[in-house]
1. I'd like the full set of residues that are part of a strand (DSSP E or B) and either hydrophobic (A, V, I, L, M, F, W, C) or open to solvent by 10 Å² or more (accessible area, probe 1.4 Å) (or both), limited to the stretch 286-311.
2. Would you mention how many residues in the stretch 153-181 are outside any helix (DSSP H, G or I) and charged (D, E, K, R)?
3. Out of all the residues in the stretch 312-350, which are outside any helix (DSSP H, G or I), farther than 30 Å from K158 by Cα and hydroxyl-bearing (S, T, Y)?
4. Does S269 meet the test of being crowded, with 17+ Cβ neighbours inside 10 Å, within 21 Å of N207 (Cβ to Cβ) and touching a His at 6+ places or on another chain (Cβ under 6 Å)?
5. Among the residues that make up the stretch 182-189, is at least one of them part of a helix (DSSP H, G or I) and within 21 Å of the chain's Cα centre (by Cα)?
6. Against the conditions (1) open to solvent by 20 Å² or more (accessible area, probe 1.4 Å); (2) farther than 15 Å from V345 by Cβ; (3) of a type in the set (S, T, N, Q), where does S326 fall short? Just the number, please.
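The values are calculated or read from the model by the stated rules, or taken from the named source; none is laboratory data. Since this is a predicted model, take the numbers as computed values, not measurements. Positions of Cβ are generated from backbone atoms using ideal geometry, with glycine treated the same way; all protein chains shown enter the neighbour counts. Surface areas here come from the heavy atoms of the whole protein model, side chains and all, with no ligands, DNA or RNA. Shrake-Rupley method; radii C 1.70, N 1.55, O 1.52, S 1.80 Å.
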Amino acid sequence: YQLTRTEAFLFRLTSRSSSSMIVAAAAAGTTTTVLSSSSELHLSSESDVDSNNDADDADAYHLLWSPRAWTQFLATSAALILLPKLLDAVLGTQINQVLFSASSSTGASCHSGASASASHRIINSLWSNWALPLLASSCCLIQLGLNALAVGCAGWNKVLGPLRPYFLALLLCTSISNKPTPSVANTITLAARATVALLPEIVHWYNERQEERQQRLLIEQHTVTVQSNDNNNPVSNENTVSQQQQLPQPELDQIQMDIPSMGCSACVSAVNGALRKIPGVVSAYSKLYNGSGNKSGGYAVVVMDPIETSLASGSFGTASSSLYESLLTTAVTKAGFSGATVQAVESNHQ
């Protein structure tokens, strides 16, 4: 017979009854798949934190697709487009030109007139192409740079996050009013503006996909397949039967952390990266609290192999709670996020 996905720690999860079942299945000429469900592995994305009122949602990240932000964005966009034109028509003013006098990426004349000075055009270009997209993203691009330098959260999302719908609406109206001539340069400029402004959504989407990948890989790593054909007809698969059986609860520990210094999607990404580099970590993800409770910042849920963690630390046996706390809090602190603490350790081994 043949075993696939024969990770070393996987065999520690198999009891004598499971081993007897595998051998018996192989002797009978069947194919048996032994796997653990996500509930047995505690892989559900609904952790203890997620199940209460402190669960994260789109409002915690100030994402555009949250109902509140989406409504504010549409209302502000409509007001910026219609109200200035209405005032210009009634009062004979030039409010629309003043609001959206932004130069195009090619340096063409702005709406306030061709006689505008070069310094005015430069200021308008910096505002429309750099400052406004950064404000619309709560300075997410700068925060990603700070995270790369292990500086930690600057707190911009807490201040600028609630204002994102208004900045995004202003950026949209400015881009529309600009009326750039079709060209490759202008297309690249518009795409760059949109990418910078929507970086929180992009990073959040990336974090969610990485979490799904971690959960999927963890389930796949705990799957054993035994394959054997009929001895009288080794080429034929006619007598092959597929069976599934759960393994005993694996020897993995789940650690829940509180990280009060996280504040945005970029911070979540940095914490995830720091935790997943620790030897013995099988799965790790972090999220923000939604702010409805008394907690601020976010939390992390880490699944670790106690034996692999212990061996990587130069000791034998299984890892202790103090070792987990030391490894996890040190990694998060080095990434620039202070105040991290271990809230609970759930052990699944004897």
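1. Narrowing the stretch 286-311 to residues part of a strand (DSSP E or B): 286-288, 298-304.
Hits for the stretch 286-311 are K287, L288, A300, V301, V302, V303, M304.
2. Filtering the stretch 153-181 for residues outside any helix (DSSP H, G or I) gives 153-155, 179-181.
Narrowing further to those that are charged (D, E, K, R): 179.
Qualifying residue count for the region: 1.
3. S313, S315, T318, S320, S347
4. On the way: crowded, with 17+ Cβ neighbours inside 10 Å: yes; within 21 Å of N207 (Cβ to Cβ): yes; touching a His at 6+ places or on another chain (Cβ under 6 Å): no.
No.
5. So the first thing to find is which residues in the stretch 182-189 are part of a helix (DSSP H, G or I), and the list is 184-189.
If we keep only those that are within 21 Å of the chain's Cα centre (by Cα) as well, we get none.
Looking through the stretch 182-189, none of the residues is part of a helix (DSSP H, G or I) and within 21 Å of the chain's Cα centre (by Cα).
6. Failing condition for S326: (2).
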